[in-house]
Amino acid sequence: MTANHTAPPRRAPIVAAILALVLLPVAVMILFAVVTARKALTAQIFETATSEGRGAALSVAEDLQGKRETVALVTTRRLLRIGAARRDRAEVERHLREVLASVPDFERAFVADPAGTLWAHHPASDESVVGRNFADREWYRGVTVQNGTYVTGAYERAARPVRLVHAFAAPIYDLDNRLAAYLVVQDAGARLGERLARLSRTDQPGRGTAVVDHNGRRVFHVGTPGIPAEIDLRPRDECVRSALHGHETVQRLTQGDEEFLIVCTPVPDSGWATVTRLPLSVVLDPVQAIAGQLAGGGLVLLAVAGVLGMYWARTFARNRELLARTTALNRKIETQRERYWSLLDSSADGLALADGERTLLYMNRGFGRFFGIEDVEALVGKPVNAFRERLVPLLEEPEKYLQAMEYLWSHADATSDFEVTLKDGRAIHFYSHPVRAADGALLGRSLVCRDLTREREVERIKNEFVATVSHELRTPLASLLGFSELMLTRELPDDKRRQFLELIHNESKRLNELINDFLDLQRVEAGRVSYRFEPLEAGEFLREATALYANRPSHPLRLDLAPDLPPFAADRNRLMQVMHNLLSNAVKFSPRGGEIAIAARPAGGEAIEIAVSDRGLGIPPEAMPGLFGKFYRVDSSDRRAIGGTGLGLALCKEIAEAHGGTIRAESVPGAGSTFRLTLPLKPRRIAPAERRRTAPVTDNAPHDVLIVEDDNSFAALVQEHLAEAGLTARTEPTAEGALAALRASPARMVLLDIHLAGSLDGWDLLITIKADPKLAGIPVIITTVTDRRERGLALGASDYLVKPFPMTDLIGRVRRFLPEAEPARVLVVDDDAGFRTAVVETLRHELHCVTDEADNGTRALEKISQRIPDLVVLDLLMPGAADGFAVLDALRARAETAHVPVLVVTGKTLTADEKARLRHGMARVLAKTEYSRQHLSELVRELLGATAGPA
Ligand code: ADP
């Protein structure tokens, strides 16, 4: 058994890999989030900046619009119009005072005539401007050209300190709608400044908004805009210029260490623009802060992911390790299970287990074999009824089985056994007992079945034997005792004495016949009878065989010979014995006058058939199957008085089969019987062991390798390669044939295919070989197309090769597993030490045998009883109680040594009797006069190579 160790997988690389897998995506995600957030926030900042710019521009536009409307309203005032038309300075100035008072933003207002000369103004303190002409001024030109309210841009007031103001100008018409004068209002933009300051958050340093007129001059500003504060504020950059052309622009500006965003926005309906300045730090700081927070969060996330990854990785690694261990354990359990199942399957007995609910839990293949159920696995898990349905049709008396099982199922604790007979004559014994767990809980019920047919047959033979012996021995013995006693105790007249002596003689003969029959059958069965085949002429042979029975008035005899009977070969004496048995039975079991017919005819060109028919009692059909069994006698009242041993037909069968022929009986009870003996024209000697095989084996000599393979060409190929490697091989296409071959002569190795021609497969054969103590040691290499290596090795195969495979591979493995051939053991028995040494020398050096020596018969028999040799080299004339003949007889008398080949090496001149005795003892003879090393080697080689059996 090999232990199944699996090294635990190394954890560190797995943990690192999983960590990398978890952390990498998290890091990428965080980076992506930071970049996206930064981008989005920056866009938001730009949006904020531009909307702040737009807000400023709108405020400015609103402010201008309001003042423009105010000025337009003022110029339509009736009194001002009349005053201006009349050039009534005082009245106009009074109106101007009212206007300035109602609009706090306006800080100065004056009126000029259409030629541009100023003649009224307020506040009056600024007298210096009266009489000045403004015709060249921009605002003046603007009003005259537009002929409506006009907003001028920044211009410097002459007053000191210089400051920029903007003005509103509008024409004043008289009541007749003639141009009377122009009104100009100056505004320092104080209110607008306040509004813009609120909008622009000027409390933040560096932040501010400026308003630029259409010339690019700064009208005013709030905060600390970075736009140069010169009075002539010309646009110097692209940003302001494009705003004055109506396009909103944003620009980044660097001043010293600081960076700003400059937003230039056009002010609607004015040609002006606002310039809003935002320090970049102000807008970027929150972005930076958020990005920082994101990065920090990301790091935390990364750390959490790391910890989690570490945890998962370790858990994963641990689970993997656990899985590997579990898998190894499962494999081990599976192997064990296969072993147990194989063990159970290899049992010749049938084993089954069902639970309390009558569900079949297990059934071995042995069970299936008994009842011809190939798919036992299909029954497992089903109710036992499924099996019952398959079994019942096979039973002779199903009720017996059903009742017995019903009783067992209804008595959970009952243990019982019973026997059933199958319709094919087999006797099956069932044994069932409850199965309990270790704690005593009832698990179910087992059912074991065993084929007792052979035992029953032996029992029958024994009973018949006892009955026959008691009857057949006692009857003549009673006569012998009775008549001899009479003769001893009485004075009898001579004729009486003679009559009694005749009776004693006849009864003795009868006894002798019985004993002869019995011993004969034993010898024939053991294969110890030698057959001498000789050509026979059927007509002549049958006339001789029937001569004894001819001319009997009680039973007329008819001989019916076909004209074209071919000559055939048989052992004359043995065949006579068969004819004698058949004819004496025909006479015995026929009433007086019953004709007996003997017919002979050719059978199929290659055989001859001899039939013996009578018109006697006949044989009942139920007796037919056992008719040729030993001690089998039909038991019926009409034949009880007829003597017999029940051995005659058994002997006939043995002899017929030894010729390669058959014998069979046909009968109509009450009308007669016919026995047909069919013999091949050229008999093939068949040893008894060989006759019992299921499949014929062509070559029975020992071989190195037995190839069990149904693919002839593949087998031939393997055989060829084995021969090249110096190994002998033979092939068997079926498991049955292979088993018979192995039992007759075990090979040193088996090459086994799984798919075979017969009803058993390679698994069955492997299981059987490994379960047989005599064969289990033979290494088996499986060579097949399906890969079930585990199962093969579990069942005991040495190796497993999946087809196709290179032949060199196969030969290599064969060499690896081929056991060393055991040298033959030879016992040399001779009283001549010099001759013994010469023989031993030859055996050891030329034939590599292991030798043992004995100098007389008694010692030889002792050694043989300790260890049976493969060959005995035997001298005949030796001192002591046992000579060579005695040794030979003793060998043949014991079943274990009956087959041991014997080579008699003798200097004795043999008589005909002695020769016959040696032949009978199946010994080969080498005369010492013909002895040579070479001759001895040849004979020994032949005897060691030959099969056991008669010479
Ligand atoms: P035996 O004749 O000594 O009893 P056999 O083996 O020759 O033994 O025969 C076995 C049995 O077969 C016989 O006992 C007999 O019942 C039956 N039998 C054999 N030959 C015949 C026959 N010709 N007619 C009727 N029964 C026969």
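The values are calculated or read from the model by the stated rules, or taken from the named source; none is laboratory data. Keep in mind it's a predicted model, so treat the numbers as computed, not measured. Glycine gets a Cβ as well: all are built from the backbone with ideal geometry, and neighbour counts include every protein chain shown.
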Hits in region 749-777 - residues which are closer than 21 Å to Asp809 by Cβ and among the hydrophobic types (A, V, I, L, M, F, W, C)
Met749, Val750, Leu751, Leu752, Ile754, Leu766
Those residues that are farther than 27 Å from Met624 by Cα, among the hydrophobic types (A, V, I, L, M, F, W, C) and assigned to a strand (DSSP E or B), I need them from region 419-443; list them, please.
Phe430, Val435, Leu442, Leu443
Scan region 321-357 for residues that are in a helix (DSSP H, G or I), of a type outside the set (Val, Ile, Thr) and out of contact with any Leu (no Cβ under 7 Å at 6 or more places or on another chain) and report the count.
20
Thr929 fails exactly one of (1) modelled with pLDDT under 85; (2) polar (S, T, N, Q); (3) surrounded by 14 or more Cβ atoms within 10 Å (Cβ to Cβ), namely (3)
Residue check for Ala738: away from the ligand (no atom under 16 Å from the Cβ) and either of a type in the set (Asp, Glu) or at pLDDT 85 or above (or both)
yes
The conditions are (1) within 13 Å of the ligand (Cβ to nearest atom); (2) crowded, with 17+ Cβ neighbours inside 10 Å; (3) not hydrophobic (A, V, I, L, M, F, W, C), and Pro621 fails exactly one of them. Which is it?
(2)
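Condition check ((1) at positive phi; (2) in contact (Cβ under 8 Å) with a residue 40 or more places away in the chain; (3) in contact with a strand residue (DSSP E or B) (Cβ under 6 Å, 6 or more places away or on another chain)) across all residues:
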site: Ile45; (1), (2), (3): no, yes, no
site: Ser59; (1), (2), (3): no, yes, no
site: Leu73; (1), (2), (3): no, no, no
site: His95; (1), (2), (3): no, no, no
site: Phe106; (1), (2), (3): no, yes, yes
site: Ala112; (1), (2), (3): no, yes, yes
site: Arg137; (1), (2), (3): no, no, no
site: Arg141; (1), (2), (3): no, no, no
site: Gln146; (1), (2), (3): no, no, no
Do you know which residues across region 744-762 are in contact (Cβ under 8 Å) with a residue 60 or more places away in the chain and assigned to a helix (DSSP H, G or I)?
Ala744
Close pairs (7 angstrom Cβ cut-off, 6 or more residues apart or separate chains): closer than 20 Å to Pro779 by Cβ in region 707-718, of a type in the set (Asp, Glu) anywhere
Val708/Glu732; Val708/Asp753; Glu709/Asp753; Ala715/Glu709
For a quick check of your reading of the model, give me the residue pairs whose first member lies in region 841-861 and is in contact (Cβ under 8 Å) with a residue 40 or more places away in the chain, whose second is among the hydroxyl-bearing types (Ser, Thr, Tyr), with beta-carbon atoms closer than 9 Å and at least 6 apart or on different chains.
Thr842/Ser937; Leu843/Thr851; Leu843/Ser937; Glu846/Ser937; Leu847/Ser937
Can you report the number of residues in region 636-666 which are assigned to a loop (DSSP other than H, G, I, E, B), more than 59 Å from the chain's Cα centre (by Cα) and within 9 Å of the ligand (Cβ to nearest atom)?
5
Checked against (1) within 30 Å of Lys332 (Cβ to Cβ); (2) in contact with a helix residue (DSSP H, G or I) (Cβ under 9 Å, 6 or more places away or on another chain); (3) outside any helix (DSSP H, G or I); (4) at pLDDT below 90, Tyr800 satisfies every condition except (4)
Here are the criteria: (1) within 7 Å of the ligand (Cβ to nearest atom); (2) closer than 30 Å to Pro566 by Cβ; (3) in contact (Cβ under 8 Å) with a residue 40 or more places away in the chain. Tell me which single one Ala607 does not satisfy.
(1)
Flag for Gly226 being modelled with pLDDT under 80 and more than 23 Å from Thr152 (Cα to Cα)
yes
Out of (1) crowded, with 17+ Cβ neighbours inside 10 Å; (2) within 30 Å of Leu443 (Cα to Cα), the odd one out for Leu244 is which?
(2)
Among the helices (runs of 4 or more DSSP H) confined wholly to region 447-560, which include 3 or more residues that are modelled with pLDDT under 80 and surrounded by 15 or more Cβ atoms within 10 Å (Cβ to Cβ)?
453-468, 494-525
Tell me whether region 318-341 contains one or more residues that are without any contact (Cβ under 8 Å) to a residue 60 or more places away in the chain and surrounded by 16 or more Cβ atoms within 10 Å (Cβ to Cβ).
yes
Quick one: in region 561-592, which of the residues that are in a loop (DSSP other than H, G, I, E, B) and farther than 17 Å from Ala665 by Cα is nearest to the ligand (Cβ to nearest atom)?
Pro591
Identify all residues within region 723-735 that are on the phi < 0 side of the Ramachandran plot and at pLDDT below 85; write none if there are none.
Ala723, Glu724, Ala725, Leu727, Thr728
Quick one: would you say Gly616 is near the ligand (Cβ under 8 Å from one of its atoms) and of a type outside the set (Lys, Arg)?
yes
Pairs needed: first member in region 790-804, surrounded by fewer than 16 Cβ atoms within 10 Å (Cβ to Cβ); second member anywhere, part of a loop (DSSP other than H, G, I, E, B); C-beta distance under 6 Å; at least 6 residues apart or different chains.
Val802/Asp787; Lys803/Val785
Restricting attention to region 279-336, report how many residues are among the polar types (S, T, N, Q) and under 24 Å from Leu31 (Cα atoms).
3
Count of residues meeting criterion [within 13 Å of Asp345 (Cβ to Cβ), of a type outside the set (Phe, Trp, Tyr) and not in a helix (DSSP H, G or I)] in region 358-372
2
Considering only residues that are β-branched (Val, Ile, Thr), under 30 Å from Ala61 (Cβ atoms) and modelled with pLDDT of 80 or more, which ones fall in region 270-311?
Thr274, Val275, Thr276
Take Leu810 and decide whether it is in a strand (DSSP E or B), buried (at least 17 other Cβ atoms within 10 Å of the Cβ) and aliphatic (A, V, I, L, M).
no
How many residues of region 923-943 are β-branched (Val, Ile, Thr) and outside any helix (DSSP H, G or I)? The answer is 1
Evaluation of Glu396 against (1) crowded, with 18+ Cβ neighbours inside 10 Å; (2) over 32 Å from the mean Cα position of the chain (by Cα) (one fails), failing number
(1)
Taking the condition away from the ligand (no atom under 12 Å from the Cβ), surrounded by fewer than 22 Cβ atoms within 10 Å (Cβ to Cβ) and modelled with pLDDT of 90 or more, does Arg601 pass?
yes
Look through Ser446, Ser432, Ser416 and report the one residue that is over 36 Å from the mean Cα position of the chain (by Cα) and polar (S, T, N, Q).
Ser416
Going by the structure shown, is Leu877 assigned to a loop (DSSP other than H, G, I, E, B) and loosely packed, with under 15 Cβ neighbours inside 10 Å?
yes
